[in-house]
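Heads up: the structure comes next, in structure tokens.
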Amino acid sequence: MTVEPAEKLLAPVLSAFWDDPRSWTLDTYRRHEGYQALTKALAMAPDDLIAYVKDSGLRGRGGAGFPTGMKWQFIPQGDNKPHYLVVNADESEPGTCKDIPLLFANPHALIEGIVIACYAIRSHHAFIYLRGEVVPVLRRLHEAVREAYQAGYLGKDIKGTGFDLELTVHAGAGAYICGEETALLDSLEGRRGQPRLRPPFPAVEGLYACPTVVNNVESIASVPAIIHRGKEWFRSMGSEKSPGFTLYSLSGHVARPGQYEGPLGITLRQLLDMGGGMRPGHRLKFWTPGGSSTPMFTEEHLDVPLDYEGVGAAGSMLGTKALQCFDETTCVVRAVTRWTEFYAHESCGKCTPCREGTYWLVQLLRDIEAGKGRAGDLEKLADIADNINGKSFCALGDGAAAPIASSLKYFRAEYEEHIERGGCPFDPARSTAWADTSRTEAHA
Amino acid sequence: MSSEVSLGIPELPAPDYPADVRARLETDAREVIARYPGSRSALLPLLHLVQSEEGYVTRTGIRFCAEMLELTTAEVTAVATFYTMYRRKPSGDYQVGVCTNTLCAVMGGDAIFEELREHLGVGNDETTADGKITLEHIECNAACDFAPVVMVNWEFFDNQTPESAKQLVDDLMAGREVRPTRGAPLCTYKETARILAGFPDLREGAVEATGGAGPASLAGLRLARGEAQARVVGQRGQTPEHAPPAQPPQDDADLHATPTSPSPAEHPSSHDAPRQTAESDPAHPADPVGEHAEQEEGDR
Ligand SMILES: Cc1cc2nc3c(=O)[nH]c(=O)nc-3n(C[C@H](O)[C@H](O)[C@H](O)COP(=O)(O)O)c2cc1C
Ligand code: SF4
Ligand code: FES
């Protein structure tokens with residue numbers, strides 16, 4: 001019996017024409033059936049559209065996996081207040097690198113999704129909050145929005161339906177916490193990006209205290225395909241509770257890093273199989289299923305189905321599907337220290353467990369990494385992480401605790417070794433992308 | 001006890017811009033403010049706008065934002081100091097940011113940063129004496145599949161090495177034209193800030209520069225199309241007939257390779273991007289390349 005080649009599992013939808021030489025243009029998008037879903041959607045009643053997206057089973061791709069149609073349904077109707085859609089394009093979770101290439105190569109998928117979503121929730125003004133540090137993407141968004149206005153997909157009386165929509169592209173200014181949806185709203189209102197107390201939830205009091213939907217780029221960009229090809233088609237991929245396709249981002253010590261679009265529930269083993277495995281002569285040591293805020297996995301978890309339930313059952317979270325793979329040359333203490341420095345730097349300072357806790361975690365970890373750790377430090381580390389996790393004001397705190405708790409679970413011995421021998425047993429030069437190239441050259 | 005803290009006269013109000021500058025900025029500011037239902041939403045773009053005038057957020061810039069939005073300068077300062085992209089002191093024409101978040105750091109970002117620090121003789125957030133380059137650590141820039149990543153004025157320089165990064169800063173200092181892997185030919189930091197304020201880049205060819213997606217973004221698509229072979233192998237040597245080109249195929253190499261100055265062929269970053277792919281240790285469970293892998297290759 002021949003085994004199906006693993007790459008046959010892939011299902012490029014959003015990425016289907018990224019290799020077109022002018023993939024980002026309206027022309028190219030239209031040639032690939034772009035804006036046909038919009039025609040279909042505008043002929044539906046808004047409530048039916050919401051129900052349709054709900055029935056498709058689409059879940060949020062920004063990390064938490066909340067059902068998208070249900071989120072739209074929470075927007076009160078007939079309340080005589082403006083409604084807003086805010087697209088979260090802040091993509092800053094370490095390891096996460098899907099929305100940015102999506103927007104660079106195919107911005108119209110997002111814009112079409114925005115028009116459909118706004119029609120459904122009766123919003124007449126939408127925003128794209130794009131992290132500021134990606135100017136090439138900002139350029140293409142400016143251009144795509146211009147094209148969409150010119151073609152009558154945005155603005156007044158869209159396609160003769162009487163529906164009006166303004167779309168504003170807004171560049172952030174560098175702050176990971178602004179990806180958290182309520183901090184994002186504060187930031188979009190021109191304030192420091194600090195999370196808000198919930199309730200009230202954004203669906204009731206969001207931007208300018210009006211009903212607001214905040215969705216991830218990939219969530220909204222997936223909507224046109226669902227409308228155009230049908231919810232049954234969408235449900236034919238993935239599982240009952242995690243249906244559909246998604247972008248997996250493979251990075252690190254793998255032979256072929258990049259974006260792999262396929263059905264939910266694929267495994268890392270399958271992805272590595274098609275991607276050529278780890279780099280030659282090396283073994284997988286640890287990996288994140290969905291960015292640095294999701295507890296890390298090891299090679300034990302290669303066959304975990306990468307969907308919301310599968311990863312959850314294995315003790316982590318699907319998160320953003322950012323599969324950062326590290327091989328045996330990598331010091332886990334170094335990796336975790338660096339992530340923790342990131343959380344300490346990005347902590348907004350609003351609540352004590354996170355603001356103070358991340359600071360002390362960094363002090364302890366730096367000492368351990370440098371071989372100055374002492375007996376009892378690991379207990380202290382676990383204790384502080386535990387006092388942040390679940391006790392912070394927003395999920396950034398939980399994210400900061402995740403790499404520490406999970407690495408202590410799988411690699412405690414490696415921490416101990418740092419303390420016992422008073423230093424790091426790893427040579428960072430061996431982990432670099434060019435390490436093996438130069439070694440081969442030296443031997444040649 | 002004596003104290004170094006000055007408790008004396010409060011700082012005088014910041015001077016205003018010269019009248020012509022003020023008039024020009026006001027026109028821009030009004031355009032920005034009109035995009036939002038609530039004027040205060042324009043604050044982040046306006047701070048980018050004042051950076052596009054002076055290269056950093058000056059007290060004059062803060063006063064301008066406050067006046068345009070009817071806020072106090074304290075309110076504006078509180079916001080400006082929260083976000084890392086707003087500079088608080090004069091800096092270089094080119095901001096060279098090396099990603100040293102975990103994945104890039106491990107893949108070589110730390111080594112690249114060290115190399116540049118020595119080569120330029122400046123530390124983190126410091127500027128070279130000629131005012132050309134400010135060196136910075138940056139956080140994950142959503143390009144981990146192109147690690148290690150360097151950003152110059154927020155354009156992507158993917159798959160860098162210490163050598164390519166050194167060449168890059170040398171080119172910048174020599175005033176040679178530098179092109180990113182993904183993004184438009186570099187403009188100055190001030191010009192970049194204007195785009196961030198929401199004013200489209202009107203330079204000919206800026207939007208289309210470097211083509212569709214970068215090579216890593218196409219990894220899955222090419223496999224799904226059968227255009228790239230699964231579990232093979234640049235530079236594998238043993239089976240050259242199976243080895244795909246180590247570089248992206250010619251048709252898009254023109255679009256996506258790293259054409260840094262003076263010409264793609266001469267710049268290290270255009271050809272030494274570590275995109276080596278090969279099968280891993282066959283004994284390793286993480287690498288499913290086993291007996292059937294060869295068979296499938298034959299099947300295709
Ligand atoms: C610290 C932090 C950072 C986040 N960053 C992002 C982000 O960059 N992009 C994103 O879509 N969601 C991010 N989220 C999740 C958002 O709060 C929110 O759940 C999401 O945008 C909802 O969209 P979805 O339902 O379409 O997934 C972040 C959450 C936290 C706690
Ligand atoms: S957990 Fe951290 S980021 Fe979140 S509110 Fe508290 S201090 Fe701010
Ligand atoms: S870690 Fe450097 S771009 Fe993500």
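Just a few scattered comments:
- The dipole here belongs to the stretch A:73-232: it is taken about the Cα centre, uses +1 on the Cβ of Lys and Arg and -1 on the Cβ of Asp and Glu, and is about 140 debye.
- 0 to 90° range, to nearest 10: angle between helix A:107-121 axis and chain A longest Cα axis: 60 degrees
- Among the protein heavy atoms of the stretch B:94-187, carbon and sulfur supply 42% of the accessible surface, probe 1.4 Å, non-protein parts ignored.
- Cα centroid of the stretch A:7-82 to Cα centroid of the stretch B:150-209, whole Å: 33 Å
- Average beta carbon contacts from partner chains per residue of B:77-85, 10 Å cutoff: 5
- Those residues of the stretch A:338-357 whose amide nitrogen sits under 13 Å from the label point placed on A:R366, 7 Å along Cα→Cβ: A:338, A:340-342, A:344-345
- FRET efficiency estimate (nearest 0.05) - Cβ-Cβ, A:H345 to A:E240, R0 35 angstrom: 0.30
- Working value for the stretch A:17-128: equivalent-ellipsoid semi-axes of 25, 19, 13 Å, each the square root of 5 times a Cα gyration tensor eigenvalue, largest first.
- Estimated dipole of the protein assembly as shown in Debye, rounded to 20 [Cβ of Lys and Arg +1, of Asp and Glu -1, Cα centre]: 1620 debye
- Zone of A:D164's modelled label, taken as backbone nitrogen in the stretch B:19-61 under 15 Å from a point 7 Å along Cα→Cβ: B:35-37
- Chains A and B together, accessible area buried on both sides, 1.4 angstrom probe, square angstrom: 7800 Å²
- Selected from A:R140, A:R269, A:R421 as most flexible by GNM, with chain A as the system and alpha-carbon contacts under 10 Å: A:R421
- Tensor-based shape of the stretch B:1-111 (alpha-carbon gyration tensor, a/c under 1.5 rounded, otherwise prolate or oblate): oblate
- Radius, Kirkwood style, for the stretch A:180-241 when every pair of distinct Cα atoms is counted (Å): 13.6 Å
- For the stretch B:156-193, residues shielded by at least 30 square angstrom of accessible area compared with the chain on its own, probe 1.4 Å: B:F156, B:R182
- Inter-part distance where the stretch A:307-351 and the stretch B:6-76 are each reduced to a Cα centre, Å: 38 Å
- Ordered by solvent-accessible area of protein heavy atoms (1.4 Å probe), largest first, the residues A:K372, A:K71, A:K380 come out as A:K372, A:K380, A:K71.
- With all protein chains in place and ligands, DNA and RNA left out, the 1.4 Å accessible area ranks B:D125, B:D28 as B:D125, B:D28, largest first.
- Simple rule: put +1 on each Lys or Arg Cβ and -1 on each Asp or Glu Cβ in the protein assembly as shown, find the dipole, and look at B:G92, A:A151, B:T58; the Cα lying farthest toward the positive end is A:A151.
- Measuring r between the beta carbons of B:A78 and A:R430 and using R0 = 56 Å, the FRET efficiency lands at 0.80.
- Separation of the A:Q77 and A:R421 label points, Cα + 7 Å toward Cβ, nm: 6.6 nm
- Sequence-distant aspartates and glutamates (8 or more away, or on other chains) whose Cα lies within less than 13 Å of A:K98: A:D90, A:E218, A:E261, B:D145
- Measuring only protein heavy atoms, the 1.4 Å probe finds A:E299 accessible over about 60 Å².
- Whole-Å semi-axes of the stretch A:245-327's equivalent ellipsoid (Cα gyration tensor): 18, 14, 11
- Candidate residues A:F74, B:F146: accessible-area rank, largest first, probe 1.4 Å: A:F74, B:F146
- Helical mean residue ellipticity (222 nm; -39500 (n - 2.57) per DSSP H run of 4+; nearest 500) of chain A: -13000 deg cm²/dmol
- Of the beta bridges in the protein assembly as shown, as assigned by DSSP with both residues counted there, near 50 percent are antiparallel.
- Interchain or long-range residues, amide H under 5 Å from B:I133's placed H: B:D93, B:Y94, B:T128
- Taking all protein chains into account, the per residue accessible area for chain A stands at 34 Å² (1.4 Å probe).
- Three-way shape call for the stretch B:94-187 based on the alpha-carbon gyration tensor, with the a/c threshold at 1.5: oblate
- For chain A, the Kirkwood estimate of the hydrodynamic radius, built from every pair of different alpha carbons, is 22.9 Å.
- For chain A, the carbon plus sulfur part of the accessible surface works out to 52%, probe radius 1.4 Å.
- Between A:S222, A:L10, A:C118, the Cα set farthest toward the positive side of the dipole of chain A (charges on each charged residue's Cβ, about the Cα centre) is that of A:C118.
- Rounded, prolate or oblate (a/c below 1.5 giving rounded, otherwise prolate when a/b exceeds b/c) for the protein assembly as shown by Cα gyration tensor: rounded
- At the residue level, A:W360 shows approximately 140 square angstrom of accessible surface with a 1.4 angstrom probe and all protein chains present.
- Label zone at B:M173, where the point sits 7 Å out along the Cα-to-Cβ direction: the stretch B:91-110 residues whose backbone N lies under 18 Å: B:91-98
- Burial of accessible area (probe 1.4 Å, heavy atoms of protein chains only) in the stretch A:98-121, relative to its chain alone, reaches at least 40 Å² for A:F104.
- Listed residues A:M44, A:A105, A:N88: farthest to the positive end of the dipole of the stretch A:27-113 (Cβ charges): A:M44
- Of interest is the spacing of the C-alpha centroids, which for the stretch A:102-122 and the stretch A:149-202 amounts to 13 Å.
- About the Cα centre, charge dipole magnitude for chain A (Lys/Arg +1, Asp/Glu -1 at Cβ), debye: 520 debye
- Area of B:K89 that stays accessible when all protein chains are in place (1.4 Å probe, Å², to 10): 90 Å²
The values are calculated or read from the model by the stated rules, or taken from the named source; none is laboratory data. In this text, all values refer to a predicted model and were calculated from it rather than measured experimentally. Methodologically, a virtual Cβ is constructed for each residue, glycine included, from the backbone with ideal geometry; neighbour enumeration extends over all protein chains shown. Just so you know, the surface numbers come from the protein's heavy atoms only, side chains and all, with ligands and any DNA or RNA stripped out. Shrake-Rupley method; radii C 1.70, N 1.55, O 1.52, S 1.80 Å.
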